[in-house]
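First the structure, in the form of structure tokens, and then the observations on it.
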Amino acid sequence: MTSTLQLVNFGKLHGLDHELSLAKFVMENGVVMERMSFSLANHGLAKSKIIKEFKQKLFSFKKGFSFAIVEFSCE
């Protein structure tokens, strides 16, 4: 199954495994994805090892889309 989602916003991200699993599903199935946005739960996470590892795993997944902006920000 593929999705026609163009924008997905993950709010209050903590870098947990279930968040990564959902992001993986979206990346693999969102064939027309234009933007994936992650808002971190707090500013302290921005430079944390948890988020660094989250990003490394996220960018290693197979992507269903050919191009999309993936961004991280603090709320």
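The values are calculated or read from the model by the stated rules, or taken from the named source; none is laboratory data. Being a predicted model, the structure only gives us computed values, none of them experimental. Cβ: placed from backbone, ideal geometry, glycine included. Neighbour counts: every protein chain shown. Ligands, DNA and RNA are stripped out before the accessible areas are found, and what is left, the full protein with its side chains, is counted by its heavy atoms. Shrake-Rupley method; radii C 1.70, N 1.55, O 1.52, S 1.80 Å.
Annotations
- Neighbour net charge for Glu28 - beta-carbon separation under 9 angstrom, K R +1, D E -1: +3
- The chain: relative contact order in percent, alpha carbon pairs under 8 Å with at least 6 residues between: 41
- Surface accessible to a 1.4 Å probe, per residue, for the residues of the chain, Å²: 65
- Placing +1 on the Cβ of every Lys and Arg and -1 on the Cβ of every Asp and Glu, with no other charges, gives the range 1-72 a dipole of roughly 220 debye about its Cα centre.
- The angle separating the long axis of helix 49-60 from the principal Cα axis of greatest extent in the chain is about 10 degrees.
- Percent accessible area from carbon and sulfur atoms, the chain, protein chains only, probe 1.4 Å: 56
- Global dimensions of the range 1-57 from alpha-carbon coordinates: Rg and Dmax equal 11.8, 37 Å.
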